[in-house]
Amino acid sequence: MWEFALFAAAASSLSALCYMVTPYTQKLRESRTTAFMDQLKESKQIFARQPTYFAFILLSCLSYPILTYLGKLVPIWFAEQGISGDWYAGFNISFGLGSLITGVIVTKILNQYRPTNIIVVSMSILVVTLMGMSLAVSPVTILVFTALFGTFNALNRISRINWMHQTVSVQERGRVDGASPCLQLLYNL
């Protein structure tokens with residue numbers, strides 16, 4: 001438990017430091033009220049203009065429900081195997097460390113490869129990682145695969161968001177960002 005608390009404190013301190021040194025100038029915009037059905041129609045029109053692009057984007061969002069299920073299944077498996085709760089804390093730490101590793105290398109990767117290639121490779125590695133986790137018989141193996149999952153899940157998310165911000169206009173970005181979680185929710189049903 002001590003390790004988890006130390007990791008959480010270090011990660012929180014690092015994020016607070018990054019927040020303090022990041023320059024930001026607030027730009028207020030006029031807000032307009034739009035009916036919900038009009039918002040849905042507008043979202044549908046945006047998605048209909050580039051269906052292949054958005055289908056690819058939405059498929060890359062499959063890692064969200066997978067992560068949700070992992071968060072529920074791993075503690076159940078640990079309990080069934082009689083593995084202590086410390087290993088579950090290790091699972092969370094391992095995922096976080098994998099994500100932090102991505103933060104160290106993400107700029108270099110984004111500058112070197114196309115977003116579509118990054119997303120396809122990341123999703124492929126996530127699939128292999130999940131298969132490895134399903135075949136794992138020891139908690140250590142699960143933690144190693146979890147670190148890999150955390151690394152490539154974060155890389156997938158960052159490259160997808162970066163690509164969307166390069167290709168979707170600012171005026172439409174809110175509709176796209178809002179519709180994506182709705183469709184991810186359908187995956188969970």
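A few comments on the model shown:
- If you go through the range 90-139 and keep only what is more than 11 Å from Leu155 (Cα to Cα), in a helix (DSSP H, G or I) and hydroxyl-bearing (Ser, Thr, Tyr), you end up with Ser94, Thr116, Ser124, Thr129, Ser134.
- The one condition from (1) under 21 Å from Leu73 (Cα atoms); (2) more than 13 Å from the chain's Cα centre (by Cα) that Leu126 does not meet is (2).
- Listed by first and then second residue, the pairs linking a residue in the range 95-112 that is touching a residue at least 24 places away in the same chain (Cβ under 8 Å) to a residue that is of a type in the set (A, V, I, L, M), with Cβ atoms under 6 Å apart and 6 or more places separating them unless they lie on different chains, are Leu97/Ala147; Gly98/Ala147; Ser99/Ala154; Thr102/Ala154; Thr102/Leu155; Val106/Ile158.
- Restricting Ala48, Ala55, Ala10 to residues that are free of Cβ contacts under 8 Å to residues at least 60 places away in the same chain, within 19 Å of Asn162 (Cβ to Cβ) and small (Gly, Ala, Ser) narrows the list to Ala55.
- Taking the range 29-55 as the range and being over 14 Å from Val168 (Cβ atoms) and either among the aromatic types (Phe, Trp, Tyr) or part of a loop (DSSP other than H, G, I, E, B) (or both) as the test, the residues that pass are Arg29, Glu30, Ser31, Arg32, Thr33, Thr34, Ala35, Phe36.
- Residues in the range 33-50 that are under 27 Å from Ala154 (Cβ atoms) and out of contact with any helix residue (DSSP H, G or I) (no Cβ under 8 Å at 6 or more places or on another chain): Gln50 only.
This table checks each residue for (1) touching a helix residue (DSSP H, G or I) at 6+ places or on another chain (Cβ under 8 Å); (2) closer than 16 Å to Phe91 by Cα; (3) charged (D, E, K, R); (4) open to solvent by 40 Å² or more (accessible area, probe 1.4 Å).
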site	(1), (2), (3), (4)
Val106	yes, no, no, no
Leu110	yes, no, no, yes
Thr116	yes, no, no, no
Val144	yes, yes, no, yes
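The values are calculated or read from the model by the stated rules, or taken from the named source; none is laboratory data. The structure displayed is predicted, hence computed values, not measured ones. With ideal geometry, Cβ positions are generated from the backbone for all residues, glycine too; neighbour counts draw on all protein chains shown. Areas reflect the complete protein model, heavy atoms only, side chains present, ligands, DNA and RNA absent. Shrake-Rupley method; radii C 1.70, N 1.55, O 1.52, S 1.80 Å.
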